[in-house]
Every structure is written in structure tokens, then in C-alpha cells.
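Just so it is clear, none of the values below were taken in a lab; they were calculated from the coordinates. None of the values given here were measured: they were computed from a predicted structure.
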Amino acid sequence: MGSLRLALGNAALLTLMLGHFTNDTFAGVLPMLFPTIKDRFGLTNGEVGIATLAYTSASSLSQPFFGYLSDRHGRRWYASTTLVWGATFVAAYGFAGSYSVFLLLAFLAGIGSGAYHPLGASNAAAVTDERYRNAALSLYTVGGTSGYALGPLIAAGLLALFGARGTALLLLPGVLVAALILPRMRAVERARRAGTRLTGPSPPMVPGARRMLGRLIVVVALRSWVFLSVIQFVPIWYDDLGYRSGFYGAMVTTIILAGAVGTLLGGAMADRIGQRRIVTLSLVLAVPSLLLFVGLPGPLALISGALFGLTCDASLSVTLVAAQRLLPGQTGMASGVILGLGFITGGVGVWATGVLADAVGVPTALAIVGLLCLVAAAVAITVPWDNTGRRAADDEAMLEAAGVHASPSASG
């Protein structure tokens, strides 16, 4: 786990991680409002799924554009602005007077999320050394996953104490964190320039990069379809079973936090044993975990749900690093494409899962959709991953590289 220690010593990376944490906290709020809006506006599961589609489509489709801006016209204030934007519309969720207004708010909040992701991911890649980049990007990704995990708990607390309009309080952390990270972005810029000087010009694009990127998008899309379907429909399923929001909020948080652990472990292990093994094995293991989760609902599902999150999300940062390596010098664009196009199809998949759930029930729909992880694993096998794993013998060289990268950011 030496690569994780090196990543934790990188102050510039931790700054970007804080922004990612805050940004994705807002995304985790949305599913907790679904039981409320379903009852308030008399919606079907399919219509509830459209709210997820509105958020993910805005977030995903905008990411390549914001990735281009990050590569070509990066500015220190971009990150803070995106956080305030997202917080403003998430805070307004509870005030929606109609289903159409709620969809509009979800769409606008999604744009804020989409703006931050490629910006943060490209900078995170730029301020870390290539030899521990899987671990560094897994750490950065876990910042977002942890925020996404806490979002349901925060929303459940606000709903219980203040009702739907308690979402207004979410504006405060967005503004505070934006103000906190703005001066730190200067250190990120210095670390990025230092990394560019150290590595020199970007190597040429990998032959067949666009074809391989397409396969990566398929893997990410199928994985996100399965994972998002579970996260979005667990609140509705357990609300129908008679459980309170505190229980299913904790369950959603458990699944997402387990996903964060899986992402962290997957990134660290990919640096040692190779990306292909991590991606394919984790996707295959996610299937029996999900079948156990839907087959045994109740308190024991906290354990099987955690196992599902751990396995399903283990490949999250690995696919992101692979995309960035395919498009050297265009990490913002690569991040935007792999996250954007991958997750929009995942959002469409949630809508399809909702339609299926209306016909056969939520648990059966989730079990059927879970089989897509096997399809994703089959596609992943065809990707010529970079399997040059790092071994412990490289630690001394990595320490030297980490000192170069970490010291400029620490001085800020």
C-alpha cells in the first residue's frame, strides 16, 4: 500500500479530493427525496427514474465540454463556481411545486456536478506521478464516493427534522467549501506546472485509442447502470416494505461507502497486479453479491449490500486511469468522455430498470439488471489494459517522485 501513502502526502491531490467530496455529497441527496416526490406528485417508478436521468444526463453530457475547457482554458475559480452552482439547485429541491420543476432543478444541479468532475480528475492526474496514478485516482475517486455515501444520511436527517424544505440548508456547506478551496487551487496550479515540466511533452496517442475508449465506455456504462439502479431504487423498495428512511438511508450509505473501499483497494492493487485482473474479477464477483442482496432483504442485506458495493465499484478509478492514458495531453477530455458518456448510459439504464420494476417488482428487476456485470466483464477482457504493475522494488524511485510532486503543493 505504499502507493496510497504517497498519494496521501500530496496536498494538491487532497485539495481536489475535498472538492470532489462536496460535489458528490449533493448527488447522494437526490434518491432520498424519491419517496416524497413519488407520493406528492403521484409518480410511477419509471417517472421517478426520469429524475435520475435528468440529473445524470446533464452531468454526463456536459462533461466532455467541461473537460475541453479544463484542458484548454483552466481557471482557478472553476472548481469553486461549480460547487456553488450545484449547491444552489440541490438546496431548492424541497421547494419544487411540481414534477416538472423538480426535473428542472435536478437537471441544473447535474450541470454543476458535470462541470467539476473532468476538471478535478484531470488536475488530480496532472499532480500525481504515473507510477502510482491508479492509487492516486482511486483516492481522489473515494473522496467523491464518500460524499455520495453521506448524501443520503444527510438528506434523511434534514427530511426528518425539517421536512422536504430542509434541503435549503445544503447551500451552506457548498458555499463554505467553495470559499475554502479557492485559495488552495493556486497550489494545484503550481503542482500541475511542476509535473508538466518534469514529464515533458505528452507522448503520442495510443494506436486504436478511440476504439479502445469505446470499449471502456461500454464497461463503465454497464457497471454504472447496475450500481445506480441499486442506489436509486433501494429507498423505494424498502419504503414499500415498511422500513423508515433512517434504515434505508443507512443501507444506501453502507453500499456506497463499501464501494469507496472497493475503489481504494482496486486502485492500489491495479498498480501491482494489473488493471485487467481487477476490472474483470470485481465485475464477476458483483453478480452473486447482488443476487444475495435482493434475495434476502432486511437487516442482513446491510452485509450483502456492502459486499456488492465493494466488488461493483472496485474498477471505478482503474477505468478512469486507463482512459487518461489512451488520450495523453487530453486528460480533461478523456475524463469527461469516460465519466460523461459512461454514466449517461447508466442513467438511461436506471430509467429502464424503473420500467422493468413496474412490471416485475424492484428486487426481480435488480437481479435481472445485475447480470449486465457479466457482460461488462466480457467486454473488459477485450481491452488491452496497461498491465505493467509496479512492485515494491520501485518504492525508492516513487518516494523521490512524490517529493517532487508533493512539495510544491505543500508550500501553498
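Hull surface divided by four, with the convex hull built on the Cα atoms of the stretch 267-337: how many nm²?
5.6
Please compute the alpha carbon radius of gyration of the stretch 80-196, then divide it by the globular-protein estimate 2.2 N^0.38 Å. Two decimals is fine.
1.23
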